[in-house]
Amino acid sequence: MEEVMGVCEEIRKKATSNKGNLVSIERLFAPAANNVICRFASGKRTRQDDPDLIEMMEASKDVFLLWSTDLFKMAQMYSMCFSKLCQWFGVKNNVYEVSEKLNKKLHKLAAQGHADKDGSFIERHLYMQEELKDNQTSVFCKRQGMDYLWGGLFDMFLAGNYSQGKAFNKNLLTINISISGTDTTSTFMEWVLIFLMTYPDIQAKVFREIQETLGGREATLQDRSRLPYVNCFIEEVGRVCQMVDLAGAHQVEEDTVFRGFLFPKGTQVFGDMSAVRTEPSYWKDTDEFRPERYLTAGGQFQAEERIAPFGVGKRRCMGEVLARAEAFLFTVGVVQNFEFRQNGETGPPSLLPMSGMIGYPQNYNAVVIPRT
Ligand code: HEM
């Protein structure tokens, strides 16, 4: 809740001091999302204006943006040597350079952790690693764990020492959750604001439900089942916002024939999730933004497996529970406190994302009216 209040304070400050109540939505939620991760990982909170935190957030955004151009996306996804080559040839802003920056910042955070079975995420992890270090079947065994849990391409680039079996360490762990957990949540919340502004009637309905149910008090996670329309709205944003269209790298476990094409065992595949989320034969009115589609006849929210915003299977998003909790609390918090309106001078926000590993929305200056 502290992070929700922090974001609301920041928005209020900007809205009341900027001409025309204009607030840029870009990176509005990033410090809060990053802080949730820092606290989750290390048990400690960082001040929002902490230079280390700001640099860390910039670095994690840079990692995703570097994967945005076709050349980088293709080359760095398919060849772990490529980013190293970029570094050798002095290419500015290569993944190695940015990761190095991030690594230094996170090193500070991780260095404070010590093995403790009841401690923070890092501390529990260190404890398990120590306990199970010789158990070859455990994901906490160095070699085994790396292959099983963090053996993704992502980690090879970031750790840079995959082949020596050193990648499974606490620095990498924090890098992984920091990068995976900051820009995803904060970008999703930017999309939430965009859809609230695009559909003012839906925004009014979301607000009404919150007011009628909570009567002005702050939300807790126990309120989720009492706010079905809010859940429906968040679910529909997840379906249409095109934030993570491509799932992570997966491998075909056995020879598989799909639509007449043979995918031999071991082939690397990336699921096109946007095709699943917009399949017209299933969704019918796929182009329509309609939160009600997840309401049961009894007025309850029913999640839709087909949207799979967090992927599917064993390697689905590790942070799903946290991300869903954040999306709920941030959405309720900001709608309770502000009305978000389109900027009459620039017209409605674009619903098209910028190209990249994460579909960032195009920046937009929203008109933000504090409700009290
Ligand atoms: C709205 C927020 C988020 C979205 C939409 C999202 C989405 C995804 C998707 C689509 C994947 C790939 C799954 C697959 O390949 O099938 C993924 C993986 C992952 N996510 Fe998230 N994520 C979000 C937030 C988070 C948060 C908050 C964390 C960390 C606490 C996190 C940590 C991870 C990790 C570690 C992986 C890799 C899992 C693996 O390879 O085994 N994510 N996420």
With the condition kept exactly as written, say whether any residue in segment 255-271 is crowded, with 17+ Cβ neighbours inside 10 Å and hydrophobic (A, V, I, L, M, F, W, C).
-> no
Among residues of segment 240-274 being in contact with a strand residue (DSSP E or B) (Cβ under 8 Å, 6 or more places away or on another chain) and of a type in the set (Asp, Glu), the residue nearest to the ligand (Cβ to nearest atom) is ASP245
Quick one: would you say VAL237 is at pLDDT 95 or above and within 12 Å of the ligand (Cβ to nearest atom)?
-> yes
Reported set for segment 184-210 where residues are surrounded by fewer than 17 Cβ atoms within 10 Å (Cβ to Cβ), in contact (Cβ under 8 Å) with a residue 24 or more places away in the chain and either under 23 Å from the mean Cα position of the chain (by Cα) or farther than 22 Å from SER350 by Cβ (or both) is THR198
When you scan segment 296-321, how many residues do you find that are among the small types (Gly, Ala, Ser) and either touching a Lys or Arg at 6+ places or on another chain (Cβ under 6 Å) or within 10 Å of the ligand (Cβ to nearest atom) (or both)?
-> 4
State whether one or more residues within segment 261-274 are in contact with a helix residue (DSSP H, G or I) (Cβ under 8 Å, 6 or more places away or on another chain) and of a type in the set (D, E, K, R).
-> no
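The values are calculated or read from the model by the stated rules, or taken from the named source; none is laboratory data. Since this is a predicted model, take the numbers as computed values, not measurements. Ideal geometry is used to build each Cβ from the backbone, glycine not excepted, and the neighbour counts take in all protein chains shown.
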